[in-house]
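The values are calculated or read from the model by the stated rules, or taken from the named source; none is laboratory data. Bear in mind that the values here come from a model prediction, so they are computed numbers and not experimental data. As a convention, Cβ positions derive from the backbone with ideal geometry for all residues, glycine included, and neighbour counts pool all protein chains shown.
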Amino acid sequence: MTRTEFFHSFEDGEPAPGTTGGVAVRVGAGPERSPTAKPGVGYAGLRALHYRAPPGRAGTTLFDVDIPVTPDTELSYVVFPESVPEAAGPDYRATFVALDLEFADGGRLSELAVRDHHGFGISAAEQGRAKTLYLDQWNRVACDLGPVAAGRTVRAIVLTASAPAPATGWVDDIRLTVRPRAAEREAVDHVRTTRGTHSSGEFSRGNTVPATAVPHGFNFWTPVTDAGALNWLYEYHRRNNADNLPALQALAVSHQPSPWMGDRHTFQLMPGTGEVTLDRAARALAFAHEDETDRPHHYGVRFACGITADLAPTDHAALLRFRFPERSGWLVFDNARNRGGLRVDPARGTVTGHTWVRSRLSAGARRMFVHATLDRPATGGGTLRRPCWRTVSGYLAFDSEVVTLRIATSLISLRQARRNLELEIPEGTTFEQVRARARRAWQELLGRVEIEGASPDQLTTFYSGLYRLFLYPNSGHENTGTRDRPRIRHASPVIRRCRPSTRLRTGAKVLDGPMYVNNGFWDTYRTAWPAYALLAPARCAELIDGFVRQYREGGWVSRWSSPGYADLMTGTSSDVAFADAYLKGVRGFDVEAAYDAALRNATVTPPDRRVGRKGLAESIFLGYTPDSTPEGVSWALEGCVNDFGLANWSRALYESCGRDHPRRAEYLANAEYFGNRALHYAHHFDARVGFFAGRAADGSWRRSPQAHDPLPWGFGHTETNGWNAAFSAPHDGKGLANLYGGRAGLAAKLDEFFTTTETGLRPGTYGGVIHEMTEARDVRLGQYGHSNQPSHHIPYVYYHAGAPAKAQRIVREVLARCYLGSELGQGYPGDEDNGEMSAWYVLSALGLYPLQVGSPRYVLGSPLFAKATLHLPGGADLVINAPRGGKEDGYVQSVRFDGEPVRESWLPHARIAGGGTLDIDLGPEPGEWGTGEHAAPPSLTSGTAPPAPLADLHGLARCADGTDAAALRDDTTATEVRFRTTTPVLEFTVEGPPRTVRLYTLTSGARRGDPRSWVLEGSADGRAWTVLDERTDRVFRWRKQTRAFTVVTPAEYRHYRLRITRGSRRRIGLAQWELLAEPGEGGS
């Protein structure tokens, strides 16, 4: 019989490879170190082939074979290029390596026009130039031979290199195999939940958990390779056992938003046979990844010992099915920490308990309760107090081949956990029924986008991205009623309460309504929330309302909900995320409460570090965030983006409300005020060096031009450097371009950005190399760190520079090579972060990108697929056609929407959401489309001058009753003035030429007692006064709140007077009084 397949993994007992040739090879114990993989082993076995390549072209024949090529034959291997330890920066010489095939007719595979499964050339030189192979990590390379070589016979397998300098690395798992043709599958069937798990704290290829769950579910159910961890629960390769096989120590319920945040409310179980043990290493069961099912609706594994485990989820519960080949076994129940309690009833086959395991950043987490029941009585069991103080462990034993366990959780009470089980998986429900329901839930969401012309790997990447998008945020509420008469309640994570929890119920305050948690808005506002608004607006509204409930209960929306107020990251980015949704027509949430939550973030000095905007006590008046606030530059730039969204939201509310609406004037004033504040990014631009930079409270720059260097990380920037912050004003592209001298200057700055090498060795104020630096280095696109969110919009900034083709080239490159490795548990260039990294891929692959979050617009890009159909709410379809969307045709030549030419580089959301046909013609060379002067998305700034926001007037303030008024002008809410009378009169004299005041602000003090009614007047001589604005019955809802007011009749005056005619209490006060004028000699 003719042999049609070949496999070699260089294990003991396998035929030795040839060693004669230009590339020196030897079989060894595998790489000594890797940031993501287990060291000292091969990829799948204990051995691998080491190569040492000389400079230039070289090759060594490894195996003589006689393998006929069929139409379905595939060549594949894994390769581990080693870095150069002594290099002072990145050196990718070892990636110029590949396997070549020699055919019986004398030809070679590398001589054919053949590409690997990612679309890149298969030769060693082409693999190196493709920049797809990561250093010090295993990379899979595969190639379909049938289309180019069917009918030929492979005579030899040759290791080739084309390195520019001596290079070393490892090769393993060489295969020539006949692949079965893929059957027609639905969207959900393309998902791999293990994508992103081949990661660590040293290097992230996603840093995900392989969660089996329903969309936005209350629980994740996950396999666990380290049952003592709260961070990296499941590592695809790094924690393999002594035989280099992955091994599970538990199946667990998880609520982990990110390994950096840590897990909470964990609960573990694990099947086994023989002697019951709690020892995690002893109970671990080995398996192979090919015996693993990793789907959103079904996790399954067949262990090497023959035991199988299958899991299917509901919102608060799951059904697990175990098969024991010995017709007997046990289930151990345990936890990552000894924080909780467990009760086991073998006669009834039930397990109940509670857990209060939580990481340091699990803000607001209290107890979770668990109720589980077997489908049969147990033959034995009980608690296991080993050691004696352990209270979270127990087991159940049974004599049966198949056992099913129904398990549910609750954050409210043990009784509610049982109710959740009865509601979601009543007795008699089969595993297949639970799995089918979960599958339908995912398919309904993922099937809203159909794509044609995608490769199998692209299908996996795209639909796995949609899975990650809709995995977060997560519900934190439960049905305390019945299936027919539900009553939705939740244990609040944002209300501080001293009442203790018990083993039966939580001490947290339980309130009506839905609650959503688990979101880092600094990450997700950029692409994830716009994707919700486009693909699932009703769901988007539900999610917003769940977060707005945090504001209703705790006064604020979390910056990082984990589940409550975690003090992490910069920006109150729920502001712009919710504004963006509203502007794109999302309704069905409490709009006024959501708006007020954003308003509070933007105008109120926060009471502590966990909530609000850091530095706001001063930045709101200075117009920049001083470097006394850590990461102040990032706080300032993110604040401008959020203010942009709030300005547009305010204007939309003003335009939609009736003339007698009580907040109409407020909306208009806020639109002007926040629109002005959105320009404050210009105050951080140091024109001497051409970068955004830190400033002291007195306005001086943090560093001199001689000391400034944009390459080191930190120095006021969050998880990045000056280069990646240089384009952080996408909301005002015209203004940004003007800072760099115009469109050409912006394009030149971007060109320099994408060609300046990131070494990953400039930690700056971080003090040491962090994983984001190494990941940014390995993106290999200059300074562009697609591995982290602050960079994601930067390619699209070329649209503001009138050079959209340059954006299209870079975006296509990122899509082609930064999301690879799904088969090995990789898939991302950095932390995936709650669906954001995935949403970037999804939207960019569709050719739609929300460059200006907080506005109802998308820029149009280069679609990756020949055709995509978006099934939109209401029955409309958006069809995106790009028939020439091949690898070589990535430049937009022209665009038509429903047959009409589109000359601008963007489209409004309303037009897209209404459905239609978007035809994008692509070509191999840059075109003229989108390059016109007015083709770019609208900006706040017009003309050619840099942005010039209104500025507070310089001058002297005094109070007619003799009260010292100096604190009203000291640019901080830390001080305030308490007036001697109920109706004080404040006067202000301008220093320098008078300027036209457009807006003024008043800031309430820390104590109650505020102005309610007043008159603002202007005077040229200080004697004759003209009324400029008059307000009655105004309310300051919060302490240290800054309210803006428009000047109804603006004009230039040297003197201003604020006559307070009524206060809310007998003694009133103010923290600040600003007069915001057009900048000039009299402005700050």
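Scanning the range 803-824 for residues that are surrounded by fewer than 22 Cβ atoms within 10 Å (Cβ to Cβ) and not aliphatic (A, V, I, L, M) yields K806, R809, E813, R817, E823. Per the listing T981, T989, the residue uniquely touching a Leu at 6+ places or on another chain (Cβ under 6 Å) and more than 17 Å from A1071 (Cβ to Cβ) is T989. Pull up the range 1-28, narrow it to residues that are closer than 16 Å to I67 by Cβ and β-branched (V, I, T), then point me to the one that is modelled with the highest pLDDT. Looking at residues that are closer than 16 Å to I67 by Cβ and β-branched (V, I, T), I get T4.
Scanning the range 283-309 for residues that are of a type in the set (K, R) and assigned to a strand (DSSP E or B), we see that the one that is nearest to D243 (Cα to Cα) is R302.
Counting only residues that are in a strand (DSSP E or B) and not hydrophobic (A, V, I, L, M, F, W, C), which one in the range 396-414 is surrounded by the fewest Cβ atoms within 10 Å (Cβ to Cβ)? Residue satisfying both the conditions and the ranking: T404. In summary, D877 fulfils each of the numbered conditions (1) of a type in the set (D, E); (2) closer than 27 Å to E775 by Cβ; (3) touching a strand residue (DSSP E or B) at 6+ places or on another chain (Cβ under 8 Å) with the single exception of condition (2).
Every test in (1) assigned to a loop (DSSP other than H, G, I, E, B); (2) of a type in the set (A, V, I, L, M); (3) within 28 Å of S822 (Cβ to Cβ) is passed by A16 save one, and that test is (3). Taken over the range 99-115, the criterion of being acidic (D, E), surrounded by 14 or more Cβ atoms within 10 Å (Cβ to Cβ) and under 22 Å from K887 (Cβ atoms) is satisfied by D100 alone. Quick one: is D1033 assigned to a loop (DSSP other than H, G, I, E, B), touching a Lys or Arg at 6+ places or on another chain (Cβ under 9 Å) and either more than 30 Å from G645 (Cβ to Cβ) or among the aliphatic types (A, V, I, L, M) (or both)? No: the conditions fail for D1033. Applying the set (1) crowded, with 18+ Cβ neighbours inside 10 Å; (2) more than 25 Å from T36 (Cα to Cα); (3) touching a residue at least 60 places away in the same chain (Cβ under 8 Å); (4) over 21 Å from the mean Cα position of the chain (by Cα) to G760 leaves exactly one unmet item: (2).
Being within 16 Å of V158 (Cα to Cα) and hydroxyl-bearing (S, T, Y) is the filter; apply it to the range 35-81 and report the residue that is surrounded by the most Cβ atoms within 10 Å (Cβ to Cβ). Top of the filtered list is Y51.
In contact with a strand residue (DSSP E or B) (Cβ under 7 Å, 6 or more places away or on another chain), at pLDDT 95 or above, more than 23 Å from L848 (Cα to Cα) and not hydrophobic (A, V, I, L, M, F, W, C): does that describe N721? It is true that N721 is in contact with a strand residue (DSSP E or B) (Cβ under 7 Å, 6 or more places away or on another chain), at pLDDT 95 or above, more than 23 Å from L848 (Cα to Cα) and not hydrophobic (A, V, I, L, M, F, W, C).
Quick check on my filter: what residues within the range 589-623 are in a loop (DSSP other than H, G, I, E, B) and among the small types (G, A, S)? It would help to see each step written out before you state the result.
First, the residues of the range 589-623 that are in a loop (DSSP other than H, G, I, E, B): 589-590, 605-615, 623.
Within the range 589-623, G612, G615, G623 meet the criteria.
Just to be sure I understand, how many residues within the range 237-280 are under 30 Å from V214 (Cβ atoms) and assigned to a loop (DSSP other than H, G, I, E, B)?
16
With the condition kept exactly as written, say whether any residue in the range 465-474 is surrounded by 20 or more Cβ atoms within 10 Å (Cβ to Cβ) and over 21 Å from Y525 (Cα atoms). Quick ask: steps written out before the conclusion?
Going residue by residue through the range 465-474, those that are surrounded by 20 or more Cβ atoms within 10 Å (Cβ to Cβ) are 465-474.
Now restrict to residues that are over 21 Å from Y525 (Cα atoms): none.
Within the range 465-474, not a single residue is surrounded by 20 or more Cβ atoms within 10 Å (Cβ to Cβ) and over 21 Å from Y525 (Cα atoms).
I'm trying to understand the selection: among the residues of the range 208-226, which are polar (S, T, N, Q) and more than 15 Å from G465 (Cβ to Cβ)? Working first, answer last.
Filtering the range 208-226 down to residues polar (S, T, N, Q) leaves 208, 212, 219, 222, 225.
Of everything in the range 208-226, those that are polar (S, T, N, Q) and more than 15 Å from G465 (Cβ to Cβ) turn out to be T212, N219, T222, T225.
One line per residue, one yes/no per condition, for (1) farther than 30 Å from A913 by Cβ; (2) in contact (Cβ under 8 Å) with a residue 40 or more places away in the chain; (3) within 17 Å of the chain's Cα centre (by Cα):
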| position | (1), (2), (3) |
| --- | --- |
| A541 | no, yes, no |
| W560 | no, yes, yes |
| S574 | no, yes, yes |
| L583 | no, yes, no |
| K614 | yes, yes, no |
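This table checks each residue for (1) in a helix (DSSP H, G or I); (2) at positive phi; (3) out of contact with any strand residue (DSSP E or B) (no Cβ under 7 Å at 6 or more places or on another chain); (4) crowded, with 24+ Cβ neighbours inside 10 Å.
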{"site": "W529", "(1), (2), (3), (4)": "yes, no, yes, yes"}
{"site": "A533", "(1), (2), (3), (4)": "yes, no, yes, yes"}
{"site": "R539", "(1), (2), (3), (4)": "yes, no, yes, no"}
{"site": "E542", "(1), (2), (3), (4)": "yes, no, yes, no"}
{"site": "D545", "(1), (2), (3), (4)": "yes, no, yes, no"}
{"site": "R549", "(1), (2), (3), (4)": "yes, no, yes, yes"}
{"site": "L568", "(1), (2), (3), (4)": "no, no, no, no"}
{"site": "G571", "(1), (2), (3), (4)": "no, yes, yes, yes"}
{"site": "D575", "(1), (2), (3), (4)": "yes, no, yes, yes"}
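Residues that are surrounded by fewer than 16 Cβ atoms within 10 Å (Cβ to Cβ) and out of contact with any His (no Cβ under 6 Å at 6 or more places or on another chain) were ranked within the range 975-992; the one that is nearest to L1075 (Cα to Cα) is G992. Across the range 459-481, the number of residues qualifying as free of Cβ contacts under 8 Å to residues at least 24 places away in the same chain and among the polar types (S, T, N, Q) comes to 0. Of the set (1) in contact (Cβ under 8 Å) with a residue 24 or more places away in the chain; (2) on the phi > 0 side of the Ramachandran plot, all apply to G741 but (1). Here the helices (runs of 4 or more DSSP H) wholly within the range 679-794 that include at least 3 residues being in contact with a helix residue (DSSP H, G or I) (Cβ under 6 Å, 6 or more places away or on another chain) are 743-755.
Here are A1024, A1006: which of them is under 47 Å from the mean Cα position of the chain (by Cα), assigned to a loop (DSSP other than H, G, I, E, B) and surrounded by fewer than 17 Cβ atoms within 10 Å (Cβ to Cβ)? Quick ask: steps written out before the conclusion?
On the way: A1024 fails: under 47 Å from the mean Cα position of the chain (by Cα).
The conditions single out A1006.
Of E11, E5, E32, all but one fail to be surrounded by fewer than 18 Cβ atoms within 10 Å (Cβ to Cβ), of a type outside the set (V, I, T) and touching a residue at least 60 places away in the same chain (Cβ under 8 Å); the exception is E5. Against the conditions (1) touching a residue at least 12 places away in the same chain (Cβ under 8 Å); (2) out of contact with any helix residue (DSSP H, G or I) (no Cβ under 6 Å at 6 or more places or on another chain); (3) under 25 Å from G201 (Cβ atoms), F63 satisfies every one except (3).
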